[in-house]
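J.: Before I ask anything, let me first share the structure, which is written out below as structure tokens.
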Amino acid sequence: MKRIRITLAALSLSTLSSVVLAANPLSVHVLNLENGLPSPGVNVTLEKHVGQTWQLLNQGVTNEQGRIGELFPAQKALETGEYRVVFKTGEYFKKEGRDTFFPEIPVIFEVKNADQHYHIPLLLSPYGFSTYRGS
């Protein structure tokens, strides 16, 4: 009986997480490659490519888990096109008392299906980074 309750509770939390992710089409996650821990306090901006310029849509700061779960503006609908997420890593490392080679890390991506959720993880160190399309 206890196993069933635990399983149902876990399922409910999993379902709730999926609903939260589905509510906003864009999330980011920053992890520190040096220590394997989340990177809280990273300023992040979201921009859309419009004509020859980038238009600021939203900004946020990573939480204690290194996440921003809802980076896309709530009052707008996601459209197809090119977007840019800029991680302000210079500010982050300066607060940590560290030097870095990359003061900003821009990640440009294309939305081809506006009905999907887009997740952009950033694996970060002072002198390197990696990113990919998450889920």
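The values are calculated or read from the model by the stated rules, or taken from the named source; none is laboratory data. As the structure is a prediction and not an experimental result, all values here were calculated from the model. We place every Cβ from the backbone using ideal geometry, glycine too, and count neighbours over all the protein chains shown.
J.: Are any residues in region 78-91 crowded, with 16+ Cβ neighbours inside 10 Å and assigned to a loop (DSSP other than H, G, I, E, B), and if so, which ones?
T.: Result: L78, K88.
J.: Out of the residues in region 37-58 that are surrounded by 15 or more Cβ atoms within 10 Å (Cβ to Cβ) and of a type in the set (S, T, N, Q), which is farthest from L124 (Cα to Cα)?
T.: N58
J.: Test V44 against the stated conditions and say whether it is at negative phi and touching a Pro at 6+ places or on another chain (Cβ under 8 Å).
T.: No; evaluated as a whole, the condition is false for this residue.
J.: May I ask you to list the residues in region 38-77 that are free of Cβ contacts under 8 Å to residues at least 12 places away in the same chain and farther than 25 Å from D115 by Cα?
T.: Matches in region 38-77: Q52 only.
J.: Next question. Which of the residues that make up region 102-131 are in contact with a strand residue (DSSP E or B) (Cβ under 8 Å, 6 or more places away or on another chain), farther than 20 Å from E47 by Cβ and loosely packed, with under 13 Cβ neighbours inside 10 Å?
T.: S130 - this is the single residue of region 102-131 that is in contact with a strand residue (DSSP E or B) (Cβ under 8 Å, 6 or more places away or on another chain), farther than 20 Å from E47 by Cβ and loosely packed, with under 13 Cβ neighbours inside 10 Å.
J.: Quick one: is K94 charged (D, E, K, R), at pLDDT below 95 and either in contact with a Gly (Cβ under 7 Å, 6 or more places away or on another chain) or outside any strand (DSSP E or B) (or both)?
T.: no
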